[in-house]
Amino acid sequence: MNAIRVAIVEDHALVRAGLRTSLERAGIGVVAEASDGIAALAAIVDAAPDVAIVDLGLPGRDGIALTRELKARPNPPRVVVVTMHEMDEEVLAALGAGADAYCVKSSDPSVVVDAVRAVASGGAYFDARVAHVVLRRVGGTPARPDDSPLTARETEILRLVADGVGNVEIGQRLHIGLGTVKGHVADILTKLAAADRTHAAVEAYRRGLIR
């Protein structure tokens, strides 16, 4: 399997260096770095990484605007957003811009590594504190089992998706084929009217279908 290629967009040099060290120790290649949102777009287009780690509080062009621009391009990278604070409006705005993962900087560096691996394999990832922010802000209400449009198996798979587990690992954990996993994920997106896996996970949190 080829190494995951990552770009780091972070204006603090020490934080950037720490992220690079954690990623490289995990066997993930850092192919581009930028310290502001304007330089980042050109660097990412040039390097074509699999994943971009984007700080929300960037000078020049903030992380939300950068994420939106990246996602509007052909073959966009997966985007892991990192934020210093659990700021509800910023997290939800990043979600709307198309970010695939959400991490809080004060978490252990392994959280970002896990997020990168998850999104690179097609999953979504929510730092536990960010997931709580999303759920609190959108005001999910627990659904009665009879009210859920999802089967028990689909709910099980959606919990794994929300934890950042990719399709291959979901199949391994549940002892089902990759094609079966993909079929269930497609059915989940349809039932929740979700555009992608991240949207499905947040919608499920909002409606109280998963915890």
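Computed from the coordinates by the stated procedures, all read-outs in this text should not be read as laboratory data. From a predicted model like this one, the values you see are computed outputs, not experimental measurements. So basically every Cβ, Gly included, is an ideal-geometry build from the backbone, and we count neighbours across all protein chains shown.
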Ranked by GNM mean-square fluctuation in the chain (Cα springs under 10 Å), the top entry among A40, A115, A193 is A193
Asserting the computed 222 nm helical MRE of the chain (DSSP H runs at least 4 long, -39500 (n - 2.57) per run, divided by residue count, to nearest 500) equals -16000 deg cm²/dmol
Checking H175, H12, H184 against a Gaussian network model of the chain (alpha-carbon springs below 10 Å), the top fluctuating residue turns out to be H175
Measuring from its Cα centre, the chain shows a charge dipole (+1 at each Lys and Arg Cβ, -1 at each Asp and Glu Cβ) which, in debye to the nearest 20, is 440 debye
For the chain, the longest principal axis of the Cα atoms and the Cα long axis of helix 128-138 enclose an angle in degrees, to the nearest 10, of 70 degrees
Looking only at aspartates and glutamates whose Cα falls under 19 Å of K71's and that sit 8 or more positions away or on another chain, we get E10, E33, D36, D46, D50, D55, D62, E90, D100, D196
Expected unfolding gain across V45-S107 under the 0.36 nm per residue rule, minus the alpha-carbon gap, is 19.5 nm
Among A40, G57, L209, the residue whose Cα sits farthest towards the positive end of the charge dipole of the chain (+1 at Cβ of Lys and Arg, -1 at Cβ of Asp and Glu, taken about the Cα centre) is L209
Sequence order, the range 21-26: Karplus ³J(HN,Hα) from phi using 6.51 cos²θ - 1.76 cosθ + 1.60, θ = phi - 60°, Hz rounded, Gly and Pro as x, gives 4, 5, 5, 5, 5, 8
Everything considered on the Cα gyration tensor (a ≥ b ≥ c; rounded for a/c under 1.5, else prolate if a/b is larger than b/c, else oblate), the range 1-112 must be described as rounded
Length-normalised contact order of the range 5-136, Cα under 8 Å, at least 6 apart, in percent, tallies to 21 percent
Contour minus Cα-Cα span, R159 to L14, at 0.36 nm per residue, comes to 48.8 nm
